[in-house]
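The values are calculated or read from the model by the stated rules, or taken from the named source; none is laboratory data. From a predicted model like this one, the values you see are computed outputs, not experimental measurements. Please note: Cβ atoms are built from the backbone with ideal geometry, for glycine as well, and neighbour counts cover all protein chains shown.
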Amino acid sequence: MRAARRLNRAAGMIAGSVLADSAMEHYRGDFHNKAMWTPIVSATLSLAASLHGHTDRRSGAHRVRDVIYAAAGLTGIIGTGFHLYNITKKPGGFCWQNLFYSAPIGAPAALSLSGLMGWLSERVRDNRPGARPTVVGMPAGRAVAGLTSASLAGTVSEAGLLHFRGAFHNPFMLLPVSLPPIAAGLLVNAALGDAHVRRPFTRWWLRATTVMGIAGVAFHAYGVSRNMGGWRNWRQNAFAGPPLPAPPSFTGLAWPALRRSVCCRTIPMTEPTVPRYPGYDVLNKRQTPSWDAITRRVIDARLAVPREPRFLSAVEFETAQAVCRRILPQPGGRPEVPLAALLDAKLLADHGDGFREGGMPYMQEAWRQGLAAIETESIRRHAERRFASLDGAEQDALLGMMQRGELTGPAWDGLGAAAFFKSRILTDIAGLYYSHPTAWSEMGFGGPASPRGYVRMEIDRRDPWEAVQATPGTEAKAECENKHVV
């Protein structure tokens, strides 16, 4: 979610730059073509969508933002066509003179870049919470790196053309045609290279490119001050001097690529990493001295829990399943822990915690009332739709309101939404997950320390019957050892 919101902010930064630049340039052109208002409207909407995305912590793509970002991308493409057409209308057609002094070809493309960053943010957001985010089937970190690299290359060409027109009279004018191309190359390497390799140099270079975009505004402001009358004649010089809103486009592009996932290893936006304990299955200990008969009976019963509800009603069970999926999303590629079934078994056996918070009903009563209250809130707020039928973003929003204590309807009387979320939902679901052998294998846990126990108690020492944690480059060795851990 942080990555998606960062991309929203980047889209907003570029949209703000385009809004200011197109407003000034088209105002200077007296809006003689009514279509010149289009990028101003589109950039304003893209900026508003980005601000909304920045404050939106829900998962799932937002349809209105998606439409706005798509419109921004299309507007930028059409605008580039208009600018190219205007060049062909001038005497001499495509020549250096007209490329220098006609409508800038690359300016409308910046609006497309805002739409692209916004589209990426929605694609990253449209992944299951806790899962490795992808964009059109590609690991999101690689997609962001590749598209940012191409975008930087296009922005460099526009800056290079205009700074060449200025004969690079100030040596600092070389920075926009030197720093970003190297950043683009480093990002190509990050997109195509090993996902488990740290790239601190890439991060530092992207930081420099980000700062350059901000510093460029100061340099352009200085350029305006050097014109006749300086800033006292701002009405003329702000339009005739170097464009103040242009440099932040570099910042808007380099900033989201600074996300650690693009430049470093083992971060969620990169491609999925290998399991921490490859090849380890705690159930291999079943017939070894690690587990005794009592442990085997307990674990066998836990694995044999019926998948159909015995305590909860069918509706309550379906709601519980939906809640469990949002509270604790599970990775693919391995059997799923049947959280709702384990919860139903816990309620049927009435195995409580031995204590409860003051004012909280007994466990069975609390869960029945809580699940009914969730259904009531869902039906009331979502046009008679049950909680299990809502999409992920809507379910997360409702659970978030419960966590913050914002659900205060009559259905919560005597229970309290926030108290139920903290004392029952989080405690029970997390506890049930980590009581299951599938979760034990995932985190390298060997189960009860009886009867075998542990011998090597020092830090970073392991007994031969403990799982081996893999590190980058040692996965095959760890998997081989873990197959023999019993």
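Could you give every pair whose Cβ atoms fall below 7 Å, whose first residue belongs to the range 372-386 and is over 24 Å from GLY414 (Cα atoms), and whose second residue is hydroxyl-bearing (Ser, Thr, Tyr) and modelled with pLDDT of 90 or more, counting only separations of at least 6 or pairs across chains?
Between residues of the range 372-386 that are over 24 Å from GLY414 (Cα atoms) and residues that are hydroxyl-bearing (Ser, Thr, Tyr) and modelled with pLDDT of 90 or more, the close pairs are ARG385/SER378.
Do we find that ASP353 is in contact with a Pro (Cβ under 8 Å, 6 or more places away or on another chain) and either crowded, with 18+ Cβ neighbours inside 10 Å or part of a loop (DSSP other than H, G, I, E, B) (or both) in this structure?
Working: in contact with a Pro (Cβ under 8 Å, 6 or more places away or on another chain): no; either crowded, with 18+ Cβ neighbours inside 10 Å or part of a loop (DSSP other than H, G, I, E, B) (or both): yes.
In short, no.
Which count do you get for residues in the range 215-229 that are over 18 Å from ALA167 (Cα atoms) and surrounded by fewer than 13 Cβ atoms within 10 Å (Cβ to Cβ)?
Of the residues in that region, 3 qualify.
Across the range 298-332, what is the total count of residues that are under 31 Å from the mean Cα position of the chain (by Cα) and either over 16 Å from LEU371 (Cα atoms) or of a type in the set (Gly, Ala, Ser) (or both)? Step through it out loud before you land on a result.
Within the range 298-332, the first condition is being under 31 Å from the mean Cα position of the chain (by Cα), and the residues that meet it are 317-332.
This time we only want the ones that are either over 16 Å from LEU371 (Cα atoms) or of a type in the set (Gly, Ala, Ser) (or both), so: 320, 322, 328-332.
Count: 7.
Of the residues HIS52, HIS26, which single one is surrounded by 14 or more Cβ atoms within 10 Å (Cβ to Cβ) and modelled with pLDDT under 85? Step through it out loud before you land on a result.
Working: HIS52 fails: modelled with pLDDT under 85.
The conditions single out HIS26.
Any residue in the range 396-412 that is free of Cβ contacts under 8 Å to residues at least 12 places away in the same chain sitting within a Cβ distance under 8 Å of a residue that is buried (at least 19 other Cβ atoms within 10 Å of the Cβ)? List the pairs, counting only those 6 or more apart or interchain.
Close Cβ pairs (under 8 Å, with a partner that is buried (at least 19 other Cβ atoms within 10 Å of the Cβ)) amount to GLU406/ALA417; THR408/ALA417.
Just one of the numbered conditions (1) surrounded by fewer than 19 Cβ atoms within 10 Å (Cβ to Cβ); (2) at pLDDT below 95; (3) more than 30 Å from LYS285 (Cβ to Cβ) is not true of PRO329; which one?
Only one criterion in (1) surrounded by fewer than 19 Cβ atoms within 10 Å (Cβ to Cβ); (2) at pLDDT below 95; (3) more than 30 Å from LYS285 (Cβ to Cβ) is unmet by PRO329, namely (3).
Which of the following residues is among the aliphatic types (A, V, I, L, M), farther than 21 Å from ALA240 by Cα and part of a helix (DSSP H, G or I): ALA23, ALA61, ALA4?
Working: ALA23 fails: farther than 21 Å from ALA240 by Cα; ALA61 fails: part of a helix (DSSP H, G or I).
On inspection, the qualifying residue turns out to be ALA4.
Working only within the range 280-327, note down all residues that are touching a residue at least 60 places away in the same chain (Cβ under 8 Å) and outside any helix (DSSP H, G or I).
Selection gives TYR280, ASP281, THR288, PRO289, SER290, TRP291, ASP292.
Taking the conditions exactly as written (at pLDDT below 80, closer than 30 Å to GLY146 by Cβ and outside any loop (DSSP other than H, G, I, E, B)), does ALA190 satisfy them or not? Break it down stepwise before answering.
Values: at pLDDT below 80: yes; closer than 30 Å to GLY146 by Cβ: yes; outside any loop (DSSP other than H, G, I, E, B): yes.
Yes.
With the structure loaded, tell me whether PRO472 is closer than 30 Å to LEU371 by Cα and under 33 Å from the mean Cα position of the chain (by Cα) or whether it fails that test. I'd like the intermediate steps shown before the answer.
Working: closer than 30 Å to LEU371 by Cα: no; under 33 Å from the mean Cα position of the chain (by Cα): yes.
Spelling it out, it is not the case that PRO472 is closer than 30 Å to LEU371 by Cα and under 33 Å from the mean Cα position of the chain (by Cα).
Of the residues that make up the range 33-48, is at least one touching a helix residue (DSSP H, G or I) at 6+ places or on another chain (Cβ under 6 Å), modelled with pLDDT under 80 and either surrounded by fewer than 22 Cβ atoms within 10 Å (Cβ to Cβ) or closer than 28 Å to GLY213 by Cα (or both)?
Scanning the range 33-48 turns up no residue that is touching a helix residue (DSSP H, G or I) at 6+ places or on another chain (Cβ under 6 Å), modelled with pLDDT under 80 and either surrounded by fewer than 22 Cβ atoms within 10 Å (Cβ to Cβ) or closer than 28 Å to GLY213 by Cα (or both).
Of these, THR427, THR408, which one is polar (S, T, N, Q) and more than 30 Å from HIS62 (Cα to Cα)?
Numbers: THR408 fails: more than 30 Å from HIS62 (Cα to Cα).
After ruling out the rest, the residue left standing is THR427.
How many of the residues in the range 418-442 are under 28 Å from the mean Cα position of the chain (by Cα) and within 21 Å of GLY400 (Cβ to Cβ)?
Residues of the range 418-442 under 28 Å from the mean Cα position of the chain (by Cα): 418, 421-422, 425-434, 438-442.
Filter once more, keeping what is within 21 Å of GLY400 (Cβ to Cβ): 418, 421-422, 425-430, 433.
Residues flagged as under 28 Å from the mean Cα position of the chain (by Cα) and within 21 Å of GLY400 (Cβ to Cβ) within the range 418-442 amount to 10.
When you go through ALA383, ALA411, ALA476 one by one, which is the residue that is modelled with pLDDT under 95, more than 18 Å from CYS324 (Cα to Cα) and not assigned by TED's automatic domain parsing to the domain that holds PHE311? Explain how you work it out, then say what you get.
On the way: ALA383 fails: not assigned by TED's automatic domain parsing to the domain that holds PHE311; ALA411 fails: not assigned by TED's automatic domain parsing to the domain that holds PHE311.
Exactly one of ALA383, ALA411, ALA476 is modelled with pLDDT under 95, more than 18 Å from CYS324 (Cα to Cα) and not assigned by TED's automatic domain parsing to the domain that holds PHE311, namely ALA476.
Against the definition (without any contact (Cβ under 8 Å) to a residue 24 or more places away in the chain, closer than 30 Å to ASP292 by Cβ and not in a helix (DSSP H, G or I)), how does ARG462 come out, yes or no? Let's see the steps before the verdict.
Values: without any contact (Cβ under 8 Å) to a residue 24 or more places away in the chain: yes; closer than 30 Å to ASP292 by Cβ: yes; not in a helix (DSSP H, G or I): yes.
So ARG462 fits the description; yes.
Mind counting the residues in the range 398-447 that are crowded, with 16+ Cβ neighbours inside 10 Å and assigned to a loop (DSSP other than H, G, I, E, B)?
Counting residues in the range 398-447 that are crowded, with 16+ Cβ neighbours inside 10 Å and assigned to a loop (DSSP other than H, G, I, E, B) gives 8.
Does GLU316 fit the bill of being in the same structural domain as TYR434 (by TED's automatic domain parsing), of a type in the set (Asp, Glu), under 20 Å from ARG386 (Cβ atoms) and surrounded by 14 or more Cβ atoms within 10 Å (Cβ to Cβ)?
Values: in the same structural domain as TYR434 (by TED's automatic domain parsing): yes; of a type in the set (Asp, Glu): yes; under 20 Å from ARG386 (Cβ atoms): yes; surrounded by 14 or more Cβ atoms within 10 Å (Cβ to Cβ): yes.
Yes.
Being at pLDDT below 75 and of a type in the set (Ser, Thr, Tyr) is the filter here; which residues of the range 103-147 pass it?
Within the range 103-147, THR134 is the sole residue that qualifies.
If you check PRO335 against the conditions, is it in contact (Cβ under 8 Å) with a residue 40 or more places away in the chain and under 24 Å from the mean Cα position of the chain (by Cα)? Give the derivation first.
On the way: in contact (Cβ under 8 Å) with a residue 40 or more places away in the chain: yes; under 24 Å from the mean Cα position of the chain (by Cα): no.
No; evaluated as a whole, the condition is false for this residue.
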